[in-house]
Amino acid sequence: MISHLPIRPRHCDAQSMMHAIRYYEHFEDAFLDWLGARGGYERLREQGADLVVKVSGCEHHAPARLGDVLAVESVPARIGSTSITMTFTMRRGEELVAVGTVTYVCVRDGRPSPLPDMLVQSTRLAPGSDRTR
């Protein structure tokens, strides 16, 4: 799934470049779009589940600037029994801007819990990715 996300003034530093911490907000927005295509965050919560971030990282390749509209592709890279790792590839046109990874752990009542079927059954892994059970 590809989300198209604008860079707004609140995302930028004094040089009109997106501040490093804001990339993670765009990854999260793209993840919520991806999740929405699988039933949405509300459905996840109705099942008594939530997703919390365990690990995140970002490789910066080119600066994002005020006024850019970035295409952020969300792809599952690894699915475990209680977690899912997503890769977020951010582009401005054909130019690679950043690649982020975030591992989310499913929790119920504050404890790790199996991923809901809405994620496991509807998720297609990219070639070369990992499905761990």
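Given a 1.4 Å probe and the protein chains as shown, Tyr104 ends up with an accessible area of around 10 Å². What do you get for the angle between helix 22-36 and the principal long axis of the chain? Use alpha-carbon atoms, 0 to 90 degrees, nearest ten. Its long axis makes an angle of about 40 degrees. Just the protein heavy atoms count here, and of the accessible area of the chain at 1.4 Å, carbon and sulfur take up 49 percent. Note on Val69 and Asp109: the extension gain reaches 10.6 nm, defined as 0.36 nm multiplied by sequence separation minus the Cα-Cα distance.
Placing unit charges on each Cβ (+1 for Lys and Arg, -1 for Asp and Glu) gives the stretch 52-105 a dipole about its Cα centre, and among His60, Val97, Thr82 the Cα reaching farthest toward its positive end belongs to Thr82.
Normalising by residue count, the chain has a Cα convex hull of 109 Å³ per residue. Taking the Cα centre of the chain as reference, the dipole from Cβ charges on Lys and Arg (+1) and Asp and Glu (-1) amounts to some 260 debye. In the context of the full set of protein chains, residues of the stretch 2-76 present 56 Å² of accessible surface per residue (probe radius 1.4 Å, heavy atoms only).
The values are calculated or read from the model by the stated rules, or taken from the named source; none is laboratory data. This one's a predicted model, so the numbers in the text were calculated from it and none came from an experiment. Virtual Cβ from ideal backbone geometry, glycine too; neighbours counted across all protein chains shown. Side chains are part of the model used for accessible areas, which takes the heavy atoms of the whole protein and leaves out ligands, DNA and RNA. Shrake-Rupley method; radii C 1.70, N 1.55, O 1.52, S 1.80 Å.
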